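Here's the structure we're looking at; comments come further down.
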Amino acid sequence: GLFEVKQYKNGKTKKVKSKGNLKQRIIVTYSRKMAEYQKTVRNRQIERAKKILANMDPDNFKKGPNDVTRFIKSDKEKKNYYLDEARIEEEAKYDGFYAVATNIFDMKETEVLDIQSRRYKIEDCFRVLKTNFSSRPVYHRKENRIKAHFLIC
């Protein structure tokens, strides 16, 4: 369903079906406030990881992609556990950075980021509509009746 404009050597252009490559633009921003917040969160998680290393077996602790055990590494025999300093440094490199990928090329970066910052409002509206808005079932076929149905709901 994706189309792109292909330009030939003779200057002519033609709209052709895309081969699956989606052109996108990545907008990266940096926030010092967010960097400080992420650093404090990570430092608290490192302290929790140290407590786990001192008091319990890390194998018995919950594992997840954002869990504190991601900072704990073991040797090949899984007998010795220690903090993974390389993982901590790798995460610290990205503190404060925020990236937005979009396929909108005709808008300024500030406009795209403004829309992205209001996205939570849209998602909240959908959440309210799905849970609190008793509109089902809809037994209408004509557009004006469907609109009237939702207006009444």
Stretched fully, the stretch from His149 through Ala54 gains (0.36 nm per residue minus C-alpha distance, one decimal, in nm) 28.0 nm
Which residues in region 80-116 have a backbone N closer than 20 Å to a point placed 7 Å from the Cα of Asn43 along the Cα-to-Cβ line?
83-97
Can you check what the Kirkwood hydrodynamic radius comes to for region 30-92, Cα pairs only, in Å to one decimal?
12.5
What three numbers, in Å, describe the spread of the alpha carbons of region 1-129 along their principal axes, ordered from the longest?
70, 38, 33
Calculate the dipole size of region 1-136 relative to its Cα centre from +1 charges on Lys and Arg beta carbons and -1 charges on Asp and Glu beta carbons; express the result in debye to the nearest 20.
820
Modelling each spin label as a point 7 Å along the Cα-to-Cβ direction, I'd like the Tyr98/Arg136 distance in nm, to one decimal.
3.4
Show which lysines lie in cross-link reach of Lys9 when reach means a straight Cα distance below 23 angstrom and same-chain residues fewer than eight apart are skipped.
Lys17, Lys19, Lys23
Karplus 3J(HN,Hα) series, Hz, for region 60-68 with 6.51 cos²θ - 1.76 cosθ + 1.60 (x for Gly, Pro):
8, 8, 4, 10, x, x, 10, 7, 5
State the extension gain, in nm to one decimal, for the chain segment bounded by Lys62 and Tyr8, taking 0.36 nm per residue of separation less the distance between their alpha-carbons.
13.8 nm
Taking the alpha carbon gyration tensor of region 64-153, what are the square roots of 5 times its eigenvalues, largest first, to the nearest whole Å?
48, 23, 10
Take every Cα pair under 8 Å in the chain that's 6+ residues apart, average their separations, divide by the length, and report that relative contact order as a whole percent.
23
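Values quoted throughout were computed directly from the atomic coordinates according to the rules given, and no laboratory measurement underlies them. Since the model is a prediction, treat every value here as computed from it, not as a measurement. A quick note on method: Cβ atoms are made from the backbone with ideal geometry, for glycine too, and the neighbour counts reach across all protein chains shown.
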